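What follows is a single structure, written as structure tokens, with notes after it.
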Amino acid sequence: MKVEGFELRRVAMPLVSPFRTSFGTQTARDILLVRAVTDAAEGWGECVTLPDPVYSPEYTDGAVDVMKRFFIPALAAAGIADATSIGEVLKPFKAHRMAKAALETAVLDAELRAEGRSFARELGSVHDSVPCGVSVGIMESVPQLLDAVGGYLDEGYARIKLKIEPGWDIQVVRAVRERFGDVLLQVDANTAYTLGDARHLAKLDPFDLLLIEQPLEEEDVLGHAELAKVVKTPICLDESITSAQTAAAAIRLGATSVINIKPGRVGGYLEARRIHDLATAHGIPVWCGGMIESGLGRAANLALASLPGFTLPGDVSASGRFYETDITEPFVMRDGRLDVPTGPGLGVTPVAAILDELTTAVEWVPV
Ligand code: SMG
Ligand code: MG
């Protein structure tokens, strides 16, 4: 397979409601899509960067720049024929994993479409459908949050994740438990606490949460290991896990007893599978994280979430959780589950008219 070039496309997608976390509020997504054009087929990759470097050091304009300035020229020079070589070719360039992931996913999708194989089959899927979790942002008031959570439970979501930060944590979890009983419940702090908050975070223990996600700084893996000695709620790392290597170290240190796997954060679906394999070998459950993806990224996440070690519901929601109009046929939940796509590659393609309408910029970068 010969890669002829990459189209970099920006798509503006308004959210159905603002999504507030400890690092800011998103009201729309400015999504960077990569379309790999090859002599055999085309493939899509979604770059999960945010516009600002507030979740991770990457940001969308930076991803475009690093792709054009370094990654695509390096791929052109190496003459890559398939997706598995991309990681090695881009290895001399440090980090920028979300940008690398988008390129690798686009080429992998093209390759799989050409061969008529699905992402799910390629990655090692063992389920036809997966249970859906939903991530619920920080809100103006507890009654407003309870309304939102009630609505998601009515829709059938199998697990609720509450975003927390200092001042919006213990009383919020208590209110949700009191109102909704023993639903599957977990919290995500997006690095909003320090080890000094250990006693405070231990106040979450009586609420029988599945896990607390990334309470401390991305680089404070040791701090999480210390925290795990004080807090009974299982600690789950998100931001800190950037590769199979960091995952192995965090497991060894006792810093994480569950792992959130986000393909973009770790450099792609192939590295995501390696982390799944490693965690499973250590008896560590994993689940698939989300970055407010369009239908393209969602399709790939569903394939990943159907691997055997993904034993907890992921942040894999229906299209309607975030978007009135998705760029693919919408993913619609049935009995709290989404079907894993089975068609070639991602199994979905953008609806041309919708894609065109939402596109704000397109650039062609030849290889
Ligand atoms: O796609 O359902 C989704 C979003 C899930 O909460 C979610 N993601 O830290 O896990 C996380 C956040 C990161 C993105 S927030 C803009
Ligand atoms: Mg998280």
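Candidate cross-link partners of LYS203 among the aspartates and glutamates, defined by an alpha-carbon separation under 19 Å and a same-chain spacing of 8 or more, comprise GLU165, ASP169, GLU178, ASP182, ASP188, GLU213, GLU226.
Just in segment 136-227: which GluC sites (Glu not before Pro) are loop by DSSP and have at most 13 other Cβ atoms within 10 Å? Passing sites in segment 136-227 are GLU140, GLU219. The magnitude of the dipole of segment 175-225, with charges of +1 and -1 set on the Cβ of Lys/Arg and Asp/Glu and taken from the Cα centre, is near 300 debye.
Quick one: dipole size for segment 121-339, taken about the Cα centre, charges +1 on Lys/Arg Cβ and -1 on Asp/Glu Cβ, in debye to the nearest 20.
Numbers: 20 positive and 31 negative charges, 109 e Å.
The calculated dipole for segment 121-339 is roughly 520 debye.
Taking LYS262 as the anchor, which lysines have their alpha carbon closer than 18 Å to its alpha carbon, excluding any fewer than eight residues away along the same chain? LYS262 reaches LYS100, LYS161, LYS163. DSSP assigns beta bridges within segment 156-245; of those with both partners inside it, close to 10 percent run antiparallel. Across the cross-link table entries LYS94/LYS232; LYS94/LYS229; LYS2/LYS91, which are compared at the Cα atoms, the separations over 28 Å belong to LYS94/LYS232; LYS94/LYS229. Comparing Cα centroids, segment 101-152 and segment 297-334 end up 3 angstrom apart.
The fraction of Cα-Cα pairs per 10 angstrom bin, counted from 0 for segment 121-339, comes to 8, 35, 37, 18, 1 percent, rounded to whole percents. Across all directions, the average flat footprint of the convex hull enclosing the Cα atoms of the chain is 16.3 nm². Between the Cα long axis of helix 221-230 and the first principal axis of the chain there is an angle of about 30°, rounded to the nearest 10. Relative to the longest principal axis of the chain, what angle (0 to 90°, nearest 10) does the C-alpha long axis of helix 244-253 take? Computed tilt is about 20 degrees.
Summing charges over neighbours of ILE251, with a neighbour being any other residue whose Cβ is under 14 Å away from its Cβ, gives +1 when K and R count +1 and D and E count -1.
Going by alpha carbons, how many degrees (0 to 90, nearest 10) lie between the helix axis of 170-180 and the longest principal axis of the chain? Between helix and principal axis, roughly 90 degrees. When only Cα pairs below 8 angstrom with a gap of at least 6 residues are kept, segment 249-361 shows a relative contact order of 22 percent. Look at where the Cα atoms of segment 5-39 and of segment 264-280 average out, and the two centres are 22 Å apart. Tell me the label-point distance for the pair GLN144, ASP182, using the 7 Å Cα-to-Cβ offset, in nm and rounded to one decimal. The two pseudo-label positions are separated by 3.3 nm.
When the dipole is taken about the Cα centre of the chain, and only Lys, Arg (+1) and Asp, Glu (-1) are charged at their Cβ, what size is it in debye, to the nearest 20? Please report the intermediate quantities before stating the final value.
Values: 34 positive and 50 negative charges, 135 e Å.
The calculation lands at about 660 debye.
FYI, it's all coordinate maths here, none of it is from the lab. For clarity, every value in this text was computed on a predicted model and none was experimentally measured. Reconstructed Cβ throughout: ideal geometry from the backbone, glycine too, with neighbour counts over all protein chains shown.
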